[in-house]
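Peer 1: Okay, here's the structure, questions in a sec.
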Amino acid sequence: LMNVDYKEAFEKTKVAGSIAAGALDEVGKIIKPGISTEQIDKLCYEYINDHGAYSAPLFYRGFPKSCCTSTNHVVCNGIPSENILKEGDIVNVDVTALKNGWHGDTSRTFKVGKVSVKAEKLIKATYESMMEAIEIIKDGVHLGDIGSTIQTYVEKEGFSVVQDFCGHGIGETFHKEPNVLHYGEKGSGEKIKTGMIFTIEPMINYGNYETKTLNDGWTAVTKDKSLSAQFEHTIGVTKEGCEIFTTGAWTWASVDACMLGLHACVRACVHACVGACA
Ligand code: MF3
Ligand code: CO
Ligand code: CO
């Protein structure tokens, strides 16, 4: 019976997650120098509405927009505005769809035109750290194993893990227990169980890990003004591993990898890339 329950929850999360991922797919097509983050917000709002869902961020605790757009040294929760993206910027777009009462939460960091080698490395390490963590997930793994996997990967690359924000349980509620920290000690924390649904969303800084929140009450930035990148997937734990609900169509894993220029594509192939990246 437990089994049936969680599979239904997985199905519903996948429907919501696919809409959120689909919105990001569309965002990827319009990102270029000269567009405003408000245009990204409008697209997300419309895509999600057109798919019979709600944008969970809109009016969430007073948040005024349908997605978060976090540019350069903004760590997370950036508010879309008329600010124009320019060549060389990086921008994380974070989308959460609420469909039939269930949430799907996902984000990606996009490159605006050609970016510095520095930015490229940061984006790649952030994505890889998330995928490394996703690959160790299965029933019985400790939450600390997830954090440790991300922290170890990222620090080896010379970057730092933000500690002020974390991943979270998700379902009929946008943010619920457990907190999923992106740093920590192996073997620490609770053991995750089959049927659990949560996000992994590492925020990785080029410089120091510390953040501060601006006067708008939302926008979190790096204290040292260094670049910050983030990716986010919503996943469900199984006995053997986990299911990613925010890849959307089968091509998603390969699109993620292609966007980042990972044409060797080792990891995407694990996640059902059918050679699109070769
Ligand atoms: N989408 C963010 C997350 O990953 C939360 C944003 S809250 C908002 O958990 F109000 F800023 F939208
Ligand atoms: Co989240
Ligand atoms: Co999110």
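Peer 1: Quick one: P(r) of the stretch 32-98 from all Cα-Cα pairs, 10 Å bins, percents rounded to integers, in order of increasing distance.
Peer 2: Taking all Cα pairs of the stretch 32-98, the binned fractions are 23, 53, 22, 2 percent.
Peer 1: Residue by residue through the stretch 17-33, what is 3J(HN,Hα) from phi via Karplus (6.51 cos²θ - 1.76 cosθ + 1.60, θ = phi - 60°)? Round to whole Hz and write x for glycine and proline.
Peer 2: Whole-Hz 3J(HN,Hα) from phi for the stretch 17-33: x, 5, 5, 4, 5, x, 4, 5, 4, 5, 4, x, 6, 9, 5, 6, x.
Peer 1: Next up: Once amide H atoms are placed 1.01 Å from N in the peptide plane, what residues at a sequence separation of 5 or more from His168, or on another chain, have their amide H within under 5 Å of its amide H?
Peer 2: Val180, Thr199
Peer 1: Something else: Pull out a ≥ b ≥ c, the square roots of the eigenvalues of the alpha-carbon gyration tensor of the stretch 1-41, then state rounded if a/c is under 1.5, prolate if not and a/b is larger than b/c, and oblate in the remaining case.
Peer 2: Cα axes put the stretch 1-41 in the prolate bin.
Peer 1: Would you mind pulling out the separation of the Cα centroids of the stretch 132-162 and the stretch 171-226, in Å?
Peer 2: When both Cα centres are located, 12 Å separates them.
Peer 1: Let me ask another. Using the heavy atoms of the protein chains alone and a 1.4 angstrom probe, what is the accessible area of the chain per residue in square angstrom?
Peer 2: Details: 12240 Å² over 278 residues.
That works out to 44 Å² for each residue.
Peer 1: To continue, here is another question. Apply the Karplus curve 6.51 cos²θ - 1.76 cosθ + 1.60, θ = phi - 60°, to the phi angles in the stretch 171-179 and return the couplings in whole Hz, x for Gly and Pro.
Peer 2: Each residue of the stretch 171-179 in turn: x, 6, 10, 5, 10, 9, 5, x, 6 Hz.
Peer 1: From the helices alone, meaning DSSP H stretches of at least four residues, give me the mean residue ellipticity at 222 nm for the chain, per-run term -39500 (n - 2.57), in deg cm²/dmol to the nearest 500.
Peer 2: Value at 222 nm, helices only, nearest 500: -10500 deg cm²/dmol.
Peer 1: Next question. Going by Cα centres, the stretch 1-60 and the stretch 67-127 are how many Å apart?
Peer 2: Between the Cα centres of the stretch 1-60 and the stretch 67-127 lies a distance of 14 Å.
Peer 1: Using only the alpha carbon atoms of the stretch 114-215, find the Kirkwood hydrodynamic radius as the inverse mean reciprocal pair distance, in angstroms to one decimal. Please report the intermediate quantities before stating the final value.
Peer 2: Values: mean 1/r = 0.0707 Å⁻¹.
It works out to 14.1 Å.
Peer 1: Give the peptides 61-72, 226-237, 87-98 in descending order of average Cβ contacts within 10 Å, highest first.
Peer 2: Numbers: 61-72: 21.0, 226-237: 25.5, 87-98: 23.9.
With the highest mean Cβ count within 10 Å placed first, the list reads 226-237, 87-98, 61-72.
Peer 1: What is the packing order of peptides 40-46, 14-20, 177-183, taking the mean over residues of other C-beta atoms within 10 Å and listing the highest first?
Peer 2: Per-residue mean Cβ counts within 10 Å order the peptides as 14-20, 40-46, 177-183.
Peer 1: Something else now. Which lysines, on any chain, are close to Lys114 with Cα under 27 Å apart, when same-chain ones fewer than 8 places away are left out?
Peer 2: Hits, sequence-local ones excluded: Lys29, Lys32, Lys42, Lys86, Lys124, Lys156, Lys223, Lys225.
Peer 1: Quote the convex hull volume per residue of the chain, based on C-alpha atoms, as a whole number of Å³.
Peer 2: 118 Å³
Peer 1: Using θ = phi - 60° and the Karplus relation 6.51 cos²θ - 1.76 cosθ + 1.60, list the HN-Hα couplings for the stretch 78-85 in order, rounded to whole Hz, with x at every Gly or Pro.
Peer 2: x, 9, x, 8, 7, 4, 9, 6
Peer 1: Roughly speaking, to the nearest percent, how much of the stretch 22-128's 1.4 Å accessible area is carbon and sulfur?
Peer 2: Accessible surface attributable to carbon and sulfur in the stretch 22-128 totals 52 percent.
Peer 1: Now, a different point. Given Cα pairs under 8 Å that are at least 6 residues apart, what percent is the relative contact order of the stretch 140-230?
Peer 2: Relative contact order here is 32 percent.
The values are calculated or read from the model by the stated rules, or taken from the named source; none is laboratory data. On a predicted model such as this, the values are computed, not experimentally measured, just so you know. Here Cβ is always computed from backbone atoms with ideal geometry, including for glycine, and neighbour counts include all displayed protein chains. The accessibility values were calculated without ligands, DNA or RNA, using every heavy atom of the protein model including side chains. Shrake-Rupley method; radii C 1.70, N 1.55, O 1.52, S 1.80 Å.
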